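Below is one structure; the comments refer to it alone.
The values are calculated or read from the model by the stated rules, or taken from the named source; none is laboratory data. The structure presented is a predicted model; accordingly, all values stated were derived computationally and were not measured. Cβ coordinates were reconstructed from backbone atoms using ideal geometry, including for glycine residues, and neighbour counts include every protein chain displayed.
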Amino acid sequence: QASTVLADHDNKSLGTSTRSTVKAASCIKGDVSVLVVGLDCKSVAEQAAKLAGVTKVLHVDHTAFQHQTTDCLSNVIQRLQSEHKYSHILGSTSTTAKAVLPHVAAKLESEDIFVRAMYAGNALASVQSPRKQTKLLSKKTSCEAASGAISWVKDELSTSDRPELGSAPIVVSGGRGMQSGENFKILYTLAEQMGAAVGASRAAVDAGFAPNDMQVGQTGKVVAPQLYLAVDISGAIQHLAGMKDSKNIVAINKDPEAPIFQVADYGMVADLFKVVPDLTKELQKK
Amino acid sequence: MSLRVLVGVKRVMDAYVKVRVKPNNTGVDLANVKMSMNPFCEIAVEEAVRLKEQKLAAEVVALSVGPPKCQETLRTALAMGADRAIHVVTDEKTRTDMDLQPLAVAKIMQQIVKQTEANLVLLGKQSIDDDSNQTGQILSGLLSWPLGTFASSIDVDGQKLTVTQEVDSGLTTVSMALPAVVTVDLRLNEPRYANLPNIMKARKKPIEVIPLDTMKLDVAPRLKYLSVEEPPQRQAGVKVETVQDLVAALKSKVWS
């Protein structure tokens, strides 16, 4: 019995999420391999080989795989599955893995076992899948031949120096109380000081203070950083769903009745326009 | 004008309702709770209707799978501008957040795609109840059609589709030939509200009802729910008075 983990990477470095996935995989009986598919991604394979619990790294390197399009990855996994007959194929909740694994599952007619969040983390379901032999499709398409269905056009990667919202260790988020997009600048300055990503509540996004991709909440991004700093966010259910798994929550709000204080480890009833610059200055002293 | 769009529409607990787990831990309590169209499905419907308004799509068909009440959600899709609807109806007790799982829904959609001769399937990236984020991907696997996920823009040019996808690191644009399956994300558009005249008009639009059991598909759930529980509740912490106190607390408790 053996499992394989689809690595998250950008052809240069291994995503931190893969570490968690490998850890999860090592709870399953049998060997754990890591699958690295890309172009000139030898360094990623080397990083994967160093992870505790990894017995083997499968490194697939080809120009066709540079952009890890869904159909390419799917074909590689299907091919490897027919050879290695893994009991489990795992991926993180990265957009790449989320796109490709269900697709592969349909192709392999396979099934999963896991505990998973539903209703945006407002309910946790324990689920079980009856153990069946993984049934394989006999179709053996060559990876290269099949790489034409989806063709990569371009990437527009976030150029911000700030860490990515979904994986940042610290997130600073602003709500409607920010009053304008211009005012978000004080959060950017604070975030820079803290090495944090910047998020926003739906109210702030709807009001046009921040772009949609900054939205934290049920329909936006779900984050779980070490520290979440909520600035003038009241704490609607929608928003809490997206951040309540944060390790530590700090809330700054001038309304002492704001529901956010019920989940905050540290609360401060104060005017954000005074506190945020003060906090930035105080942290500079370090 | 060659597009025939099939758009998936799911009836879910309204996004603003507080989620409560049933005391016996068998699932989320859906009794007497406001239900609405899944927000990501609204975005898919809006996009389909815009394709029709731009004369790129010949027909927009909305599909919902679930209990009889899903018809309300289909009427909303029709009021937004879908031409007609198909309701694959289950019995009243079927829970669409647990009993009907992505593989089953994808198999149903696969048949409806054949029946409607759709060449573009638009789906929300996920539904806000079971949060699976799988149906579109599985459907593309079953149909062997190319797949776009997390779309924040969709351009149609003849038989070619260009899709900008929201990925963790930013945006990735891919192109593919039709027929295709595309799942949509938040930034794609802002769904319209159906106005009264359109709601009235929608009442006259046809909804074809197909009992699920006549489809002769294996739709048995693949995942068995053992229990559903409330997540651990957070406790309110302490109030701090000054910025200095806050930094001190962070230094000793968070950054130590």
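Taking only pairs six or more apart or across chains, which ones have beta-carbon atoms under 7 Å, a first residue in region A:210-221 that is among the β-branched types (V, I, T), and a second residue that is modelled with pLDDT under 85?
none
Please go through region A:53-86 and pick out each residue that is touching a Gly at 6+ places or on another chain (Cβ under 7 Å) and surrounded by fewer than 18 Cβ atoms within 10 Å (Cβ to Cβ).
Selection gives A:D61, A:Q66.
Tally up the residues in region B:240-249 that are more than 7 Å from every other protein chain (Cβ to nearest Cβ) and either surrounded by fewer than 13 Cβ atoms within 10 Å (Cβ to Cβ) or part of a helix (DSSP H, G or I) (or both), please.
3
Within region A:179-192, track down each residue that is within 21 Å of A:K244 (Cβ to Cβ) and in contact (Cβ under 8 Å) with a residue 60 or more places away in the chain.
Hit for region A:179-192 is A:L187, nothing else.
Looking at region B:52-76, which of the residues that are in contact with a helix residue (DSSP H, G or I) (Cβ under 7 Å, 6 or more places away or on another chain) and without any contact (Cβ under 8 Å) to a residue 60 or more places away in the chain is surrounded by the most Cβ atoms within 10 Å (Cβ to Cβ)?
B:A62
Report, ordered by the first and then the second residue, all pairs with beta carbons closer than 7 Å, sequence separation of six or more or different chains, a first member in region B:233-249 that is farther than 11 Å from A:V250 by Cβ, and a second member that is part of a loop (DSSP other than H, G, I, E, B) and among the small types (G, A, S).
What qualifies is B:A236/A:A264.
Keeping to region B:58-98, report how many residues are within 14 Å of another protein chain (Cβ to nearest Cβ) and under 18 Å from B:G136 (Cα atoms).
Summing the residues that are within 14 Å of another protein chain (Cβ to nearest Cβ) and under 18 Å from B:G136 (Cα atoms) in region B:58-98 gives 3.
Before we move on, is A:D40 part of a loop (DSSP other than H, G, I, E, B) and modelled with pLDDT of 90 or more?
Spelling it out, A:D40 is indeed part of a loop (DSSP other than H, G, I, E, B) and modelled with pLDDT of 90 or more.
Out of all the residues in region A:202-221, which are in a loop (DSSP other than H, G, I, E, B), modelled with pLDDT of 85 or more and either at the interface with another protein chain (Cβ under 10 Å from one of its Cβ atoms) or buried (at least 19 other Cβ atoms within 10 Å of the Cβ) (or both)?
A:F209, A:A210, A:G217
Table: residues versus (1) in contact with a Leu (Cβ under 8 Å, 6 or more places away or on another chain); (2) closer than 30 Å to A:K221 by Cα; (3) part of a loop (DSSP other than H, G, I, E, B).
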{"residue": "A:R19", "(1), (2), (3)": "yes, yes, no"}
{"residue": "A:V22", "(1), (2), (3)": "yes, yes, no"}
{"residue": "A:L35", "(1), (2), (3)": "yes, yes, no"}
{"residue": "A:V44", "(1), (2), (3)": "yes, yes, no"}
{"residue": "A:V60", "(1), (2), (3)": "yes, no, no"}
{"residue": "A:L80", "(1), (2), (3)": "yes, no, no"}
{"residue": "A:I89", "(1), (2), (3)": "yes, yes, no"}
{"residue": "A:T93", "(1), (2), (3)": "no, yes, yes"}
{"residue": "A:L101", "(1), (2), (3)": "yes, yes, no"}
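Which of the residues belonging to region A:250-273 are within 28 Å of the chain's Cα centre (by Cα) and assigned to a helix (DSSP H, G or I)?
Those that are within 28 Å of the chain's Cα centre (by Cα) and assigned to a helix (DSSP H, G or I): A:P259, A:I260, A:F261, A:Q262.
Among the residues of region B:115-131, are any within 12 Å of the chain's Cα centre (by Cα), part of a loop (DSSP other than H, G, I, E, B), surrounded by fewer than 22 Cβ atoms within 10 Å (Cβ to Cβ) and on the phi > 0 side of the Ramachandran plot?
Yes, there is a match, as at least one residue in region B:115-131 is within 12 Å of the chain's Cα centre (by Cα), part of a loop (DSSP other than H, G, I, E, B), surrounded by fewer than 22 Cβ atoms within 10 Å (Cβ to Cβ) and on the phi > 0 side of the Ramachandran plot.
Could you list all residues from region B:150-169 that are modelled with pLDDT of 95 or more and hydroxyl-bearing (S, T, Y)?
B:S153, B:T162, B:T164
Could you list, in sequence order, all residues of region A:237-248 that are of a type outside the set (D, E, K, R), under 19 Å from the mean Cα position of the chain (by Cα) and facing chain B (nearest Cβ under 10 Å)?
The answer is A:Q238, A:L240, A:A241, A:S246, A:N248.
From the list B:S169, B:S153, exactly one residue is without any contact (Cβ under 8 Å) to a residue 60 or more places away in the chain and within 9 Å of chain A (Cβ to nearest Cβ). Which is it?
Matching residue, one of B:S169, B:S153: B:S169.
From the list B:E53, B:E46, B:E42, which one is within 14 Å of chain A (Cβ to nearest Cβ), touching a Gly at 6+ places or on another chain (Cβ under 9 Å) and not aliphatic (A, V, I, L, M)?
B:E42
Picking from B:G158, B:G237, B:G136, B:G170, which residue would you name as being of a type in the set (G, A, S) and surrounded by 21 or more Cβ atoms within 10 Å (Cβ to Cβ)?
Exactly one of B:G158, B:G237, B:G136, B:G170 is of a type in the set (G, A, S) and surrounded by 21 or more Cβ atoms within 10 Å (Cβ to Cβ), namely B:G136.
Residue check, B:T172 against (1) over 16 Å from the mean Cα position of the chain (by Cα); (2) in a loop (DSSP other than H, G, I, E, B), all met but one. Which one?
(2)
Please go through region A:224-243 and give me each residue that is in a loop (DSSP other than H, G, I, E, B) and either among the hydroxyl-bearing types (S, T, Y) or buried (at least 22 other Cβ atoms within 10 Å of the Cβ) (or both), ordered by number.
Passing the criteria: A:P225, A:D232, A:I233, A:S234, A:G235.
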